[in-house]
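Take a look at the structure below.
The values are calculated or read from the model by the stated rules, or taken from the named source; none is laboratory data. Only a predicted model underlies this, so the values are computations on that prediction, with no experimental measurement involved. All Cβ positions, glycine included, derive from the backbone under ideal geometry; neighbour counts span all protein chains shown. Ligands, DNA and RNA are stripped out before the accessible areas are found, and what is left, the full protein with its side chains, is counted by its heavy atoms. Shrake-Rupley method; radii C 1.70, N 1.55, O 1.52, S 1.80 Å.
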Amino acid sequence: MKNTKGSLIRPVPLPDSASRPVVTPLSPSVVYASDTPDALDDQYEGRVHGYTYSREGHPNADVVAARLDAMEGGQGGVVTGSGMAAVSAVLLGLLKTGDHVIGGNQLYGRSLRMMKEDLPRLGVATSMVDPGDIVAMRAAIRPETRIILVEVVSNPTLAIADIDGLAALCKEKGILLAVDNTFTTPRGFKPFDHGADIVIHSITKLLAGHSDVMLGYVVARDLELTDRMRIFCVTTGMTPSPFDCWLAERGMLSFDLRFDRAQSTAADLADHLAGLPGVKRVIYPMRDDHPDRDRAEALLNGQGCNMVSFELDGGRAMANAFTRGAEGLSFAPTLGDVGTTLSHPASSSHRAMTPEERAAVGLSEGFFRVSVGLESPEDLKAVFTRAIEDAVAAS
Ligand SMILES: *Cc1c(COP(=O)(O)O)cnc(C)c1O
């Protein structure tokens, strides 16, 4: 195609090609041009599909959504600018003043904050309950309870929610069950197969997997609910950037392999840590000493995921010596990266709690959460062995 319009700025014609790219093209265009007002009518009235303005939707977001829909068994899911935007789409996009929502008592920190600060400010009542305790959950339900929001594996103590019990309870009471599946991923757990109504992801973590994009995803079993959340996201501007979606898709191509590798290394590392002097306890869902082992087995399909938590038997000085000695591992508060990362809840995610409150949920100064990456298992075990030896010597 030749530009016959001389000095006019747009449109710049694309070169013709009879063949197609194998990689999804990046489409940063904010706006899309139509031929005629009639053609726009056709688009707005749904007779043909087309894009108009990228806050409303764009090809790179739709490609990521389609991949996640296929993984979760959903339809028409919404990709959002972050995982928290997806959580917001559920809590702010579906609830109204006077409603009540129950959250798991160990939700992701920002989700907890939204439950404790933002929803009450808007007149939505909230309760936080142990998602492994169905009796307590049933007791917390009120006539105006609309949603129960839980994570399958809690952060950072890796307790397993009773998803099947919650799904039965929600069905009985006409409440929506929303599952944040970020830790478990669709490879470890399929919320829709267990009766969930809404699935949430932070794509930022394992799905994109390289710590270079921030994105979220949400889908409901009921198409009308998904549509309400999509409209809320468009109106509030929680739209993802095309480049982030493009990067996320690139990361997702290797997700299955990364997940399998990271989880098998995590299982190996958990057993290794349990045998080291200076380690007081190890938490990993597939270990026989995990308190929710049977539930983990039933829900997670034998997949323990890539998170391992453990507790050193000393205080802050020992924790400092350990991170200093853990050469090559990032001490950074995220998870799901290609590289192994360490997080220390007492100084980061759980620092707002008093030491007594932390102790009540088992989080001492010696507690670490490890997001296992793709390093060689032998190298990784050697780094942990050395760093924990250093920490024991320093304490
Ligand atoms: C990180 C995370 C979120 C929030 O996702 P962002 O992409 O960081 O906004 C929500 N839930 C869980 C379980 C997370 O780990």
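Observations on the structure shown:
- Structure remark: mean-square fluctuation, Gaussian network model of the chain, C-alpha springs under 10 Å; the largest value among 283, 231, 148 belongs to 231.
- Seen from every direction in turn and averaged, the convex hull around the alpha carbons of segment 255-394 projects onto 8.1 nm².
- Protein-only accessible surface at a 1.4 angstrom probe places the residues 349, 364, 371 in the order 349, 364, 371, largest first.
- Per residue, in Å², the accessible surface of the chain once ligands and nucleic acids are set aside, probe 1.4 Å: 47
- Carbon plus sulfur fraction of accessible area for segment 1-129, probe 1.4 Å, in percent: 55
- Sites excluded, trypsin sites (Lys or Arg not before Pro) in DSSP loops with at most 12 other C-beta within 10 Å, longest stretch of the chain: 97-350
- Number of Lys pairs (Cα under 19 Å; 8 or more positions apart or on different chains) in the chain: 5
- Taking N as its residue count, the alpha carbon Rg of the chain over 2.2 N^0.38 Å: 1.08
- Equivalent ellipsoid semi-axes - Cα gyration tensor, segment 151-292, angstrom: 30, 23, 11
- Other residues lying with their Cβ under 14 Å from the Cβ of residue 259 contribute a combined charge of +2, Lys and Arg counting +1, Asp and Glu -1.
- Which of 80, 385, 235 is most accessible, then next, and so on - probe 1.4 Å: 235, 385, 80
- Taking 108, 217 and ordering them by how much accessible surface each has at a 1.4 Å probe, largest first, produces 108, 217.
- Between segment 278-300 and segment 16-31, the alpha-carbon centres lie 46 Å apart.
- Percent carbon-and-sulfur accessible area, segment 255-394, ignoring ligands, DNA and RNA, probe 1.4 Å: 50
- Whole-angstrom gap from segment 163-195 to segment 205-226, using each part's C-alpha centre: 16
- For residue 124, net neighbour charge (Lys/Arg +1, Asp/Glu -1) across residues whose Cβ lies under 10 Å away: 0
- Hydrodynamic radius (Kirkwood) for segment 37-252, which is based on Cα pairs only, to one decimal in Å: 17.5
- When restricted to Cα atoms, segment 93-167 yields an Rg and a Dmax of 11.9, 33 Å, respectively.
- For segment 314-383, the set of GluC sites (Glu not before Pro) satisfying both a DSSP loop assignment and a count of at most 11 other C-beta atoms within 10 Å is given as 327.
- Each Cα pair under 8 Å and six or more residues apart adds its separation to the average, and for the chain the resulting relative contact order is 15 percent.
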